[in-house]
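*Asks:* Take this structure, written in structure tokens, and hold onto it; I'll ask about it next.
The values are calculated or read from the model by the stated rules, or taken from the named source; none is laboratory data. Quick caveat: nothing in here was measured; it's all calculated off a predicted structure. Every residue, glycine among them, receives a Cβ derived from its backbone with ideal geometry; neighbour counts consider all protein chains shown.
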Amino acid sequence: MGNTSESVEMYLKSIAEYGGVHDPVPIGRVAERLGVSPVSASEMMKRLGEQHLINHLPYKGVVLTDRGRLLANSVIRRQRLWECFLVDELKLDWAQAYDLSCNLEHATDSEVTEALASFLRHPQQCPHGNPIPGEDGWVDEHQFKPLLDLDIGQPGYVRAISPETSEVLAYLGKRGIHPGQRIILSGIAPMEGPLTIKVGPANEGEEVDLGQALAGLVWVELEVSK
């Protein structure tokens, strides 16, 4: 963990979760994610820029530098390994485990992190389908599509929920929307209205309505026709 502060870790992790490795992330989105004011977020971004952890692109947002990416992935690795431990070993609820793992990520040094990884037999994904970065900071990013990009009538399988929050995970979990679940997009209400999806096996699933913001957090893999 080095001397990186908890606050810096949280900012870097949030930028990474919103795709800030490749594309600029609006500062306002990071502020909303962390529950801070846009002014506070802007001040922190200035500090992160001075530390060469991010680059600021005017009118677009911020992207992580290589150093910032490695630090962000280190935090994400710790957090997602703890998620695996809490869900797979302690059998805690998958939504509850997210907040608990976020508390643990800042208090875990590299020795404990790698011992945890070894104990868990080096899992590749967290319980919510997101990739766990390697010890070297490298991560195999998924190539899944957001649920919003499905065509009506097109079947697929839920592969990941990202970015995660306990509230989102609890809501989706109660509706059977989790990695491995088969879904079909049944319809989309006009004027950017909610999506209706059929959750479960073909011709047997229950229909669930999801707002577009929530549907944008569900990543799917298209079903291959036989």
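*Asks:* Conditions first: (1) within 18 Å of the chain's Cα centre (by Cα); (2) buried (at least 16 other Cβ atoms within 10 Å of the Cβ); (3) outside the structural domain of ASN103 (by TED's automatic domain parsing); (4) not charged (D, E, K, R). PRO131 passes all but one, so which condition is the exception?
*Replies:* Single failed check for PRO131: (3).
*Asks:* Which of (1) surrounded by 14 or more Cβ atoms within 10 Å (Cβ to Cβ); (2) assigned to a helix (DSSP H, G or I); (3) at pLDDT below 95 does THR4 not meet, given it meets every other one?
*Replies:* (2)
Okay, residues lined up against (1) touching a residue at least 40 places away in the same chain (Cβ under 8 Å); (2) not in a strand (DSSP E or B):
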residue: HIS142; (1), (2): yes, yes
residue: LEU148; (1), (2): yes, yes
residue: LEU169; (1), (2): yes, yes
residue: GLY176; (1), (2): no, yes
residue: MET191; (1), (2): no, yes
residue: ALA213; (1), (2): no, yes
residue: GLU221; (1), (2): yes, no
residue: VAL224; (1), (2): no, yes
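*Asks:* Here's another thing I want to ask about it. Among the numbered conditions (1) polar (S, T, N, Q); (2) modelled with pLDDT of 95 or more; (3) under 30 Å from ARG121 (Cα atoms), tell me where THR65 comes up short.
*Replies:* In the conditions (1) polar (S, T, N, Q); (2) modelled with pLDDT of 95 or more; (3) under 30 Å from ARG121 (Cα atoms), THR65 misses (3) alone.
*Asks:* Is there a residue in segment 104-112 that is in contact with a helix residue (DSSP H, G or I) (Cβ under 7 Å, 6 or more places away or on another chain), assigned to a loop (DSSP other than H, G, I, E, B), touching a residue at least 60 places away in the same chain (Cβ under 8 Å) and not polar (S, T, N, Q)?
*Replies:* For segment 104-112, residues in contact with a helix residue (DSSP H, G or I) (Cβ under 7 Å, 6 or more places away or on another chain), assigned to a loop (DSSP other than H, G, I, E, B), touching a residue at least 60 places away in the same chain (Cβ under 8 Å) and not polar (S, T, N, Q): present.
*Asks:* Right, next: I'd like to know if segment 17-27 contains one or more residues that are in contact (Cβ under 8 Å) with a residue 40 or more places away in the chain and either of a type in the set (Phe, Trp, Tyr) or part of a helix (DSSP H, G or I) (or both).
*Replies:* For segment 17-27, residues in contact (Cβ under 8 Å) with a residue 40 or more places away in the chain and either of a type in the set (Phe, Trp, Tyr) or part of a helix (DSSP H, G or I) (or both): present.
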